[in-house]
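The values are calculated or read from the model by the stated rules, or taken from the named source; none is laboratory data. As the structure is a computational prediction, the values presented were derived from the model and not from experiment. Glycine gets a Cβ as well: all are built from the backbone with ideal geometry, and neighbour counts include every protein chain shown. Keep in mind that these areas ignore ligands, DNA and RNA; they rest on the heavy atoms of the full protein, side chains included. Shrake-Rupley method; radii C 1.70, N 1.55, O 1.52, S 1.80 Å.
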Amino acid sequence: MLKIYNTLTRQKDEFKPLQEGKVKLYVCGMTVYDFCHVGHARVMVVFDVVARYLRACGYDVTYIRNITDIDDKIIARANENGESISSLTERFIKEMHHDADALGALRPDQEPKATESMAEIIAMIETLIKKGFAYSADNGDVYYDVSKFDSYGKLSGRNIDELRAGERVAVNTAKDDPLDFVLWKAAKPEEPAWQSPWGRGRPGWHIECSAMSATCLGEHFDIHGGGQDLQFPHHENEIAQSEGAHGCQSVNYWMHNGFVRIDDEKMSKSLGNFFTVREVLAKYDPEVVRYFILTSQYRSPLNYSEEQLDQAKNALTRFYNTLRSVELIDDVVWRDDTEFGTRFAAAMDDDFNTALALSVMTDVRQALNKAQEQNNDQQIGYFAGLLNSCGQVLGLFQQSAETFLTGDAENDEDAEKIEALIVARKQAREDKDWAKADQVRDELTAMGIIVEDTAGKTSWRRV
RNA sequence: GGCUGCGUGGCAGAGUGGUUAUGCAGCGGACUGCAACUCCGUUAACGCCGGUUCGAUUCCGACCGCAGCCUCCA
């Protein structure tokens, strides 16, 4: 039985889909004006695992992740670059896909864009005005009247009075109340704009998610996810908009992933302490990055450091090393009633505890190694299949062990030389010329190659 | 200031009212020509102070420290 920590109830709730066998999942995606950083990578990987696991459990999952392709930062960046908004956003949508694909994050079923959802957005704002939740101001903006929505604050655990007390927002005189938030922004002459009943303008940030989630998934759906920093005000406002407009509960389970940190500080664009996914992938295999992200529970903070990445790399290498020498059997399924299968499922059922799930996989790996020492073919096949199947649920082991350990055929020139040295060493060993054999090995070591003599066979891998 | 959450061995990171995950590193051993890989064994921890309890790292309270949100942010 799957339990999900629900921000709304602040506890792990048993997961029950609205529709038997189906799950509707919406995740807040990227604002596309720059490269993705490791924080974005975490969201992509975490919810990719959520989607994969739900599918592995037999659910028919509809996974939506939006793209914010119009907002103040995008406009500012396009101006700085002297390029059009669409050229900027199209470029970074491509880059985002490039990163997500590299990390093994399966594409969502749909990736709706704000600029392609204007009709729905405008219609929703009209409904909110009609129902008395919103008003248009003298300056052409449209605002949501927070005081009209009784349960405002229920997600982030605050109330309107508290928010007033902590108020440090510059006063905007067009608003009736400083806590009101904008649904529609009147455009300045130079700015991109869409025609609306309130004049030319563009949507506020929050409304697009309410409109697009309802369009893609309906007014009431199962899971809504995103980074912890979206809890307030973004998701709080989404609830106010969606539930105000539709008059029903919008989301059953709210999931928020923790931040990636650097030196115990949140990684963010505004602090400037971020690494782009691209930078990290230049040094580490994408699956290592994925493994690193999965070593902690998704709600915990994740401290970014190369030492951690190195540890993840070591751990993944051990898995691949074991997998390298076995034939995979595909008809083993992760969820069986053996000890390992049960433990793996229990870990994942407990709010997607990937850290614990990985430790179960370590136990399977060890059992597989032992089976190999004992030449127990039946067990070897079973454990190998089980390990691989668990890995697939987490999006690991997506490449052959050979590729992971020795790199791609790209290094062909090297490969020939390496093979030659391996052969030379083999000959030296047969001649019992240990000095020569060791000298060849030193040469390989200098090239970043580690040799392993197992079961009469010599294999190699890159450091 | 208000509101959330966190504080576990050298590092990372799960978990539990009593039998001390897991990975990396360390130590001892097996295997190996020597290594590497692998296996076996092993060291070491629960911020501080009270309370509940036969017993608390785990429950409750105070304290200290840290992070996040309250402003664009995954």
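What the table shows:
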item	result
Wholly within the range A:278-363, helices (runs of 4 or more DSSP H) carrying at least 1 residues that are within 12 Å of RNA strand B (Cβ to nearest atom) and at pLDDT below 95	A:306-324, A:339-349
Tally, over the range A:54-73, of residues that are in a helix (DSSP H, G or I), surrounded by fewer than 22 Cβ atoms within 10 Å (Cβ to Cβ) and not small (G, A, S)	3
Test set (1) open to solvent by 40 Å² or more (accessible area, probe 1.4 Å); (2) in contact with an Asp or Glu (Cβ under 9 Å, 6 or more places away or on another chain); (3) under 30 Å from A:M124 (Cβ atoms); (4) away from RNA strand B (no atom under 12 Å from the Cβ) - A:A211 fails condition number	(1)
Any strands (runs of 3 or more DSSP E) falling wholly within the range A:1-53 and containing at least 2 residues that are at pLDDT 95 or above and touching a Pro at 6+ places or on another chain (Cβ under 8 Å)	A:22-27
Flag for A:Y143 being open to solvent by less than 50 Å² (accessible area, probe 1.4 Å), part of a strand (DSSP E or B) and out of contact with any helix residue (DSSP H, G or I) (no Cβ under 9 Å at 6 or more places or on another chain)	yes
Selected residue (criterion: farthest from A:K370 (Cα to Cα)) from residues of the range A:395-405 that are out of contact with any Leu (no Cβ under 6 Å at 6 or more places or on another chain) and open to solvent by less than 20 Å² (accessible area, probe 1.4 Å)	A:G395
Residue in the range A:364-415 that is farthest from the chain's Cα centre (by Cα), counting only those that are among the hydrophobic types (A, V, I, L, M, F, W, C) and outside any helix (DSSP H, G or I)	A:F397
Residues that are farther than 30 Å from A:T7 by Cα and open to solvent by less than 30 Å² (accessible area, probe 1.4 Å), drawn from the range A:267-314	A:V280, A:Y284
Residue within the range A:251-264 that is on the phi > 0 side of the Ramachandran plot and within 14 Å of RNA strand B (Cβ to nearest atom) present	yes
Condition broken by A:D414, with the remaining ones in (1) in the same structural domain as A:Y284 (by TED's automatic domain parsing); (2) surrounded by 14 or more Cβ atoms within 10 Å (Cβ to Cβ) satisfied	(1)
Of the criteria (1) touching a residue at least 40 places away in the same chain (Cβ under 8 Å); (2) closer than 26 Å to A:R343 by Cβ, which one A:T406 fails	(2)
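This table checks each residue for (1) more than 10 Å from RNA strand B (Cβ to nearest atom); (2) modelled with pLDDT of 95 or more; (3) within 25 Å of A:Y291 (Cβ to Cβ).
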residue: A:K370; (1), (2), (3): no, no, yes
residue: A:G395; (1), (2), (3): yes, yes, yes
residue: A:T403; (1), (2), (3): yes, no, yes
residue: A:T406; (1), (2), (3): yes, no, yes
residue: A:A409; (1), (2), (3): yes, no, yes
residue: A:E419; (1), (2), (3): yes, no, no
